[in-house]
Ligand code: GCU
């Protein structure tokens, strides 16, 4: 039966609700992961053998405040033509190591995140330059990423580019070689770009777990818009990610697909599946005009992050209607029930959503944080991110819950 309202988060279309954290973890999580793969994102291939090559170390960037490492994640068993994932990692020098880290999936190249000479514009970026896709120069996104401020807050910052993992076209990237190498799944169940990017984030996390400068219990993942959708998926599936920060992730991200109750006027499933079918598996577009037939909704994806922490940074419906901020807020509210299963408390709707301002000292581990800002990243959002991370990655002097 099609459902106009999102199903209760403890239900997945079978009318049964799990009532304990153990049942959620043991029965629901595995089924939910499979349903999200089957209806929305598709499967990613198993990870092939990989090698982490630290190709460069530059000890004095940001006037000595950070060390920059440039790492290549290589896959020796894949054909030579398979791309490598290039990771840039900034580690603060004035803190006690190991450090908490924020991984940010960028969409324009690692060279854009900071104006540092070691981050030269790679040849592949020049080759990609077309009339439609102009090349961004070194440091052109420095204001957006605020890497220096991240270092000053005592966090390491790691970044890799979507292009290395999946080119965001109907042609698959790295994961195509993995499928060929490891055996395939039926075409309609193969993951699209979002599943591939999430897969790539997990490979980067694996490097960070091996780097002695990084605390392995304090890895956060951040992504914006389409990268935010992929980051949420990675955070939902990969429990090594301690904090997930999907920023203005919208449809197929935090925002519910069933949106009637929120009067959201932004992107619909039909629009996203028509414009970007290569982000999904082959089935998602078939439900596009009838989302009530999905047994799940996006709050289920959010709930897979529990009991770890999630900060959904959002805009307002006035400033960024396309991302459906109200449908995102409702998704967070509905998902928070799963955090309640473990705690002797019930988070109220007000506790899990905040309009602007500073993050309170006792922020719950799931929070919708809204600012009246355009579809971009700003220093104010970063401040909220680091204030939240201080608490939930137990960093700095802020007391943790
Ligand atoms: C398009 C798409 C959105 C996506 C955005 C982006 O606008 O419709 O779903 O979030 O691109 O990634 O910037």
Candidate set from segment 176-199 (those that are touching a strand residue (DSSP E or B) at 6+ places or on another chain (Cβ under 8 Å) and under 22 Å from residue 73 (Cα atoms)); member that is surrounded by the most Cβ atoms within 10 Å (Cβ to Cβ): 197
Qualifying residue in segment 253-276 (condition: within 28 Å of residue 207 (Cα to Cα), in a helix (DSSP H, G or I) and either in contact (Cβ under 8 Å) with a residue 40 or more places away in the chain or more than 15 Å from the ligand (Cβ to nearest atom) (or both)): no
Single unsatisfied condition, residue 305 versus (1) out of contact with any helix residue (DSSP H, G or I) (no Cβ under 7 Å at 6 or more places or on another chain); (2) surrounded by 23 or more Cβ atoms within 10 Å (Cβ to Cβ): (1)
Single match in 389, 328, 335, 312 (criterion: closer than 21 Å to residue 101 by Cβ, in a helix (DSSP H, G or I), in contact with a strand residue (DSSP E or B) (Cβ under 8 Å, 6 or more places away or on another chain) and at pLDDT 95 or above): 389
Any chance residue 76 is touching a helix residue (DSSP H, G or I) at 6+ places or on another chain (Cβ under 9 Å), surrounded by fewer than 16 Cβ atoms within 10 Å (Cβ to Cβ) and over 22 Å from residue 212 (Cα atoms): no
Selected residue (criterion: nearest to the ligand (Cβ to nearest atom)) from residues of segment 204-229 that are assigned to a helix (DSSP H, G or I) and farther than 25 Å from residue 93 by Cα: 226
Residue within segment 277-285 that is in a helix (DSSP H, G or I), within 15 Å of residue 322 (Cα to Cα), at pLDDT below 95 and more than 10 Å from the ligand (Cβ to nearest atom) present: no
Any hit, segment 77-85, residues being part of a strand (DSSP E or B), in contact with a strand residue (DSSP E or B) (Cβ under 6 Å, 6 or more places away or on another chain) and more than 21 Å from residue 193 (Cβ to Cβ): no
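The values are calculated or read from the model by the stated rules, or taken from the named source; none is laboratory data. Quantities reported herein were computed from a predicted structural model and do not represent experimental measurements. In this analysis, Cβ positions are derived from the backbone assuming ideal geometry, glycine residues included, and neighbour counts consider all displayed protein chains.
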